[in-house]
Amino acid sequence: MSNELTFFPITGFYYDIQNPDPSSSSNAPVFTGMTGAFITFTPRVPDGFTVLVSDLDLGSGNTGSTAIALPAITGRVSAVVAGGEGGTVWELCAINTVDSVGIELLANTSIISTYLAAQNVPNTQQAGDLIYDVSFTQVTYAGLNQMINNFAFVAPTSNTSICITDPSFETIPYAPI
């Protein structure tokens, strides 16, 4: 029986509150989407680290012992049309030709966690944890360059969807290697 990789989807919504619209007579602040940000998810593993997986399903009926590099994956905050009502939301998207909503990252399934634990990868909560450090760059809102605090999280062990802007989402301190 061959091994397979599992990926989990990540989403998030990004807005800010700005000064009242100077072209209106209202004194109400404006609630609007962030006009830009790149969000990078970096696995907390040493530079050049690869996970070795035996009998990995490579597609088309092929399997093989495989080295899997774990590079950083970057998404961006982008305006996307939401639902049938045609409204726009500002959401984490893949960097591709259509700004696909969300991105996917490698889950910490047993084939990944077992190898991480065996290699004694540092900076984990528990042996075998796959942690992603999340950093924000080129953040723009209210017409200015801004910042959002970085954080980290432990990858799920399945394809469970994660919303990184959900108040109940559990984060840990940002501590890249």
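The values are calculated or read from the model by the stated rules, or taken from the named source; none is laboratory data. As the structure is a prediction and not an experimental result, all values here were calculated from the model. Glycine gets a Cβ as well: all are built from the backbone with ideal geometry, and neighbour counts include every protein chain shown.
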Task: Lone qualifier among Asp47, Asp55, Asp21 - being of a type in the set (Asp, Glu) and part of a strand (DSSP E or B) - done: Asp55
TODO: Might you check whether a residue that is of a type in the set (Phe, Trp, Tyr) and either over 16 Å from Leu5 (Cβ atoms) or assigned to a loop (DSSP other than H, G, I, E, B) (or both) occurs anywhere in region 113-134?
DONE: no
Task: Conditions (1) exposed (fewer than 14 other Cβ atoms within 10 Å of the Cβ); (2) at pLDDT 95 or above; (3) of a type outside the set (Phe, Trp, Tyr); number of the one not met by Ile103 - done: (1)
TODO: Quick one: Gly87 ticks every box in (1) under 28 Å from Val53 (Cβ atoms); (2) loosely packed, with under 11 Cβ neighbours inside 10 Å; (3) not hydrophobic (A, V, I, L, M, F, W, C) except a single one, so which number is it?
DONE: (1)
- [ ] Would you be able to tell me the number of residues in region 24-44 that are part of a loop (DSSP other than H, G, I, E, B) and either of a type outside the set (Ser, Thr, Tyr) or out of contact with any Ser or Thr (no Cβ under 9 Å at 6 or more places or on another chain) (or both)?
- [x] 8
Task: Top-ranked residue in region 137-157 [being surrounded by 11 or more Cβ atoms within 10 Å (Cβ to Cβ), part of a loop (DSSP other than H, G, I, E, B) and not β-branched (Val, Ile, Thr); ranked as nearest to the chain's Cα centre (by Cα)] - done: Ala155
Task: When residues of region 167-177 are limited to those that are in a loop (DSSP other than H, G, I, E, B) and over 13 Å from the mean Cα position of the chain (by Cα), the one surrounded by the most Cβ atoms within 10 Å (Cβ to Cβ) - done: Tyr174
- [ ] Kindly list the number of the only condition in (1) under 14 Å from the mean Cα position of the chain (by Cα); (2) within 20 Å of Asp47 (Cα to Cα); (3) assigned to a strand (DSSP E or B) that fails for Ala67.
- [x] (1)
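Conditions tested, residue by residue: (1) in contact with a Pro (Cβ under 7 Å, 6 or more places away or on another chain); (2) in contact (Cβ under 8 Å) with a residue 24 or more places away in the chain.
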| residue | (1), (2) |
| --- | --- |
| Thr42 | yes, yes |
| Thr50 | no, no |
| Ser113 | no, yes |
| Leu116 | no, yes |
| Gly128 | no, no |
- [ ] Considering every residue within region 2-9, establish whether at least one is under 20 Å from the mean Cα position of the chain (by Cα) and either at pLDDT below 95 or part of a loop (DSSP other than H, G, I, E, B) (or both).
- [x] yes
- [ ] Identify, by number, the condition in (1) over 17 Å from Phe13 (Cα atoms); (2) aromatic (Phe, Trp, Tyr); (3) modelled with pLDDT of 95 or more that Tyr115 doesn't meet.
- [x] (3)
